[in-house]
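First comes the structure, then the notes that go with it.
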Amino acid sequence: MESFQQAFDLLISLDKELLQIIGVTLRMSFFSTTISCLLGLPLGALIGTRSFRGKSFLKKLIHTLMGLPPVVAGLFVYVLFTHYGPFGSLNLLFTVKVMVIAQVILITPIVIGLSSSFIEGTSKPVIDTARGLGLSKAKTVGLCLSEGRSSLLSVVLSAFGRSIAEVGAVSIVGGNIQWKTRVMTTAIMLETNKGKFSFALALGIILLLIGFAVNALASFIVKEPADD
Amino acid sequence: MIEIRDLKKCYGERTVLDLPELTVGDGEALAFAGPNGSGKTTLLRLLAELLKSSGGTVKKPDKALYMPQQSYAFKGDLVRNITVTGCEKSEAKRLLEKLELSHLAEKKAASLSGGELQRLSLCRVLSVPCELLLLDEPTSACDAKGAALVIEAIKAYQKETGCTVLMSTHSPVLAAKAADRLIILNGGRIEADGEPKRILMNPENEWAEHFIAGWKI
């Protein structure tokens with residue numbers, strides 16, 4: 001109860017640092033989810049609708065990458081962007097941009113894997129019907145997206161959920177720097193390490209509330225008729 | 001004109017369709033009948049280019065439409081389910097009227113019964129003009145009245161557009177009333193080919209006779 005009270009107090013006090021952490025968290029999750037979906041959804045559609053040599057191997061590879069440990073992704077990106085790494089000259093380490101890059105590496109396989117499974121399983125009758133009617137490819141894709149919008153929303157929300165809850169990669173490449181790269185999860189980890197369990201729990205409750213609000217907003221935007 | 005030469009479809013070692021030669025004239029209405037697995041749907045899907053053949057050649061009109069056996073209900077009402085083809089709302093309503101579905105026009109397509117959905121699927125395909133109409137068991141989910149409406153609508157569309165119609169069926173009524181020609185398939189091969197009433201009354205061989213006897217029951 002103390003944690004709930006503290007979470008409520010933190011929110012209504014409009015604590016500047018908390019608001020800044022929420023802002024960084026949402027900015028990072030928005031960009032990593034958007035980029036992952038822009039890359040992953042078309043690739044998922046291609047894999048889901050086409051037959052080609054090596055498809056089975058590619059699917060196994062994607063399914064393996066879906067379980068990529070965040071610390072491994074974080075370490076990989078750290079090596080790439082460290083001062084002596086191939087992209088060191090960009091000076092991106094310990095910025096929100098590199099946190100987004102690490103998350104895109106983590107999330108894109110999830111988007112590809114989930115969307116290709118959905119498209120493979122449920123869009124076949126839509127594609128058959130559309131092709132049978134002689135509709136253009138663009139119109140067929142439009143119909144698949146329209147018919148599967150609730151499933152696609154689940155894919156996007158899974159990607160967002162993975163992003164907002166991720167801690168391993170962002171703490172390695174972001175460094176959990178106060179007023180700069182600290183996000184909700186790294187803040188929770190810090191407060192837990194300091195022994196401030198109640199405060200850490202309060203942050204956790206706020207994180208859950210943010211997740212719930214984003215889910216509710218997305219479900220409202222992609223509204224499904226009740227009798228469909 | 002449709003000209004099929006040495007058309008084959010195999011899945012591994014199994015040959016599901018093997019047609020050395022088949023010609024269908026312009027404006028002809030041809031029904032395919034045969035037991036499950038005889039190659040009816042495979043042939044229609046090959047002609048609709050939804051399947052790739054394992055060999056042979058097919059010459060056919062460019063503008064072909066295909067209505068699958070499993071009708072799909074798009075999200076939304078019946079009118080929207082037809083206008084996805086790009087036709088006008090007025091045309092969609094005219095077709096719904098013709099297939100006696102206009103009283104359901106505002107309903108969600110997902111709420112239709114199997115027979116109603118099949119008639120809606122036919123409305124959708126008939127909303128687009130074509131040269132070749134491919135129908136996979138268009139009356140399989142319909143009751144007698146629904147089947148009569150479907151047959152009437154197919155015949156009217158054919159008269160209006162002059163298209164060639166190829167349909168698969170398990171219904172001797174559909175074969176006799178909607179087709180000028182009936183082909184009976186067995187194991188992917190042609191067992192009988194001719195005018196429907198003649199085939200139904202006087203099958204060409206023992207296997208066809210046995211198959212038609214089953215229909216009569």
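Cβ-Cβ contacts under 8 Å between residues 6 or more apart (or on different chains), taken from a first residue in region A:75-89 that is in contact (Cβ under 8 Å) with a residue 60 or more places away in the chain to a second residue that is in a helix (DSSP H, G or I) and open to solvent by 80 Å² or more (accessible area, probe 1.4 Å), are listed as A:Phe81/A:Leu90. Within region B:32-42, the set of residues being more than 14 Å from chain A (Cβ to nearest Cβ) and within 11 Å of the chain's Cα centre (by Cα) comprises B:Phe32, B:Ala33, B:Lys40.
Might you check whether a residue that is crowded, with 21+ Cβ neighbours inside 10 Å, within 14 Å of chain A (Cβ to nearest Cβ) and free of Cβ contacts under 8 Å to residues at least 40 places away in the same chain occurs anywhere in region B:98-114? Within region B:98-114 (the criterion being crowded, with 21+ Cβ neighbours inside 10 Å, within 14 Å of chain A (Cβ to nearest Cβ) and free of Cβ contacts under 8 Å to residues at least 40 places away in the same chain), the answer is yes, since at least one residue qualifies. Close Cβ contacts (under 6 Å, 6 or more residues apart or on different chains) running from residues in region B:9-34 that are open to solvent by less than 60 Å² (accessible area, probe 1.4 Å) to residues that are of a type in the set (Val, Ile, Thr) and outside any strand (DSSP E or B) comprise B:Lys9/B:Thr42; B:Val16/B:Thr42; B:Leu17/B:Thr42. Taking the criterion of being more than 11 Å from chain B (Cβ to nearest Cβ), in contact with a Phe, Trp or Tyr (Cβ under 6 Å, 6 or more places away or on another chain) and open to solvent by less than 30 Å² (accessible area, probe 1.4 Å), the only residue of region A:130-173 that qualifies is A:Val173. Counting only helices (runs of 4 or more DSSP H) that fall entirely inside region A:142-206 and contain at least 2 residues that are basic (Lys, Arg), the qualifying elements are A:149-165. In the set B:Leu126, B:Leu65, only one residue is more than 10 Å from chain A (Cβ to nearest Cβ), of a type in the set (A, V, I, L, M) and open to solvent by less than 20 Å² (accessible area, probe 1.4 Å); that residue is B:Leu126.
Note on region B:47-62: residues that are more than 10 Å from chain A (Cβ to nearest Cβ) and in contact with a helix residue (DSSP H, G or I) (Cβ under 7 Å, 6 or more places away or on another chain) amount to 4.
Just one of the numbered conditions (1) open to solvent by 70 Å² or more (accessible area, probe 1.4 Å); (2) within 26 Å of the chain's Cα centre (by Cα); (3) not β-branched (Val, Ile, Thr) is not true of A:Leu18: (1).
Does region A:213-228 contain any residue that is small (Gly, Ala, Ser), within 14 Å of chain B (Cβ to nearest Cβ) and open to solvent by 50 Å² or more (accessible area, probe 1.4 Å)?
Checking region A:213-228: at least one residue is small (Gly, Ala, Ser), within 14 Å of chain B (Cβ to nearest Cβ) and open to solvent by 50 Å² or more (accessible area, probe 1.4 Å).
Residues in region B:115-149 that are of a type outside the set (A, V, I, L, M, F, W, C) and in contact (Cβ under 8 Å) with a residue 60 or more places away in the chain: B:Pro129, B:Glu131, B:Asp136, B:Glu137, B:Pro138, B:Ser140.
The values are calculated or read from the model by the stated rules, or taken from the named source; none is laboratory data. These figures come from a predicted structure and were not determined experimentally. Reconstructed Cβ throughout: ideal geometry from the backbone, glycine too, with neighbour counts over all protein chains shown. Keep in mind that these areas ignore ligands, DNA and RNA; they rest on the heavy atoms of the full protein, side chains included. Shrake-Rupley method; radii C 1.70, N 1.55, O 1.52, S 1.80 Å.
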